[in-house]
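Quick notes on the structure that follows.
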Amino acid sequence: MELGTEPDIRPARYATRQPVLAADGTVIGYKLIFRTDVVSHFSELAIDRSGSAAIEMSTLLSLDTLCDHRMAFIDCNREVLLQHGLALLPPDKVVAEIDSTTAMDDAIYQVCCDMKNDGYRIALTDFSPGDPRESIAHLADFIFVDLQRTQWDDIPSMIGTDRWRHSGLGATSVETREEMEFARKAGFQFFQGSFFLKPQSLRTRAALTNRGVYLRLLKAVSQPELDWKDIEELIKSDATIYYRFMRFVNSAGVGIRCEIRSVRQALGMLGDDEIRRWCRLAGMFEMSKGRPSELLLSALVRGRFGELLSKRIAHDGADLFLLGLLTMMDTILEIPMDAVVEGLALDLASKTFLLEHKGSIRPIFELIFAVESGMWNAVVEWCSRLAVEEEYAAECYSSAMAWAQSIIASL
């Protein structure tokens, strides 16, 4: 779990992803959004969200790394389709997204038939009444409707027919609980949107016993000076926590050569920094159980991303790793943020950001949010304000994603 070295600066490869979920919250794949360089892809002229750049990026970065061995939804413009650009990628892992701006003709129809014969899946995005792509709709594995661009009254008649019985119906731009409930009742099977990472309304629920212990453990390790006796008692108070901790300290990755037989012995050999790190990571893992796995991954990526950025960005001494984790904690626990912050030994700047989304810390996390959402123009703006190179930000994000995936695999 060591921080490792600072990322090397190399030509920027901007890649972010947005989860596509089934009705039960399972992530079935990710919509990939790419940029390959700062100048062209952050300019207003670079409207194409994928094209040949997406194919190149996918081959360079590996779809398994980008999508956790799930399906990759890649936006394909007319040029990519006609040039058979997807031929460079494995058909069982790729869904070719065709948007409403793609002109339909015999050439596109033939390409779609060829892709289906080769084993690729096809998705039609931003589908609408009277859509010109109806000529290829019978070839589509997924048909996505944008809830923000479509009149809700039109949706039942549009999707409530047998024409789409061979296609999975998906709702995109799902931003509120109301929209999610509407989409479910309307018959959509797949969903994508900001609602799943940051629900608009939260309900307070009683945490399970071990989750309550983890929350108290998180508070304990946020104190400037650790009370080892208190931490020892918290770890020993729950069998799952105790087992996970002892397994960790005796693992090869920790590097302690002698066998650790007690919590007290382990605390003495690990040191404060490593104790804080383990408690935070293990706590996030346990408290996120029963919630979409994307929540935990996003929290870890934000924490690690902030930690890497802190090497070049002024941050008033705030613990950006902890802050990154906390930005997802209200969603994971389904409690208000003020209940999460209560009792944590946070500096004023950190509390102001978490509770009011204001203050000196805000620009750092606006950059983090912009990168993870693929809002490239905003990335340029916030990098400029923070005086950090766009290439460095891109490399930090890629490193944070790889690190978070490795942590989840090890916990």
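Reducing the stretch 353-367 and the stretch 66-115 to their Cα centroids gives an inter-centroid distance of 39 Å. With R₀ fixed at 25 Å, the C-beta to C-beta distance from HIS69 to MET375 puts the FRET efficiency at about 0.40. Average 1/r across all pairs of distinct alpha carbons in the stretch 293-410, invert it, and you get the Kirkwood radius: 14.4 Å.
Loop-located trypsin sites (Lys or Arg not before Pro) across the stretch 342-387 with a Cβ neighbour count of 12 or fewer within 10 Å are LYS358, with loop assigned by DSSP.
For the pair ASP105 and LEU355, label points projected 7 Å from Cα toward Cβ lie 6.2 nm apart.
Computed from the coordinates by the stated procedures, all read-outs in this text should not be read as laboratory data. It should be emphasised that the depicted structure is a prediction, and the values quoted were computed from it without experimental measurement. As a convention, Cβ positions derive from the backbone with ideal geometry for all residues, glycine included, and neighbour counts pool all protein chains shown.
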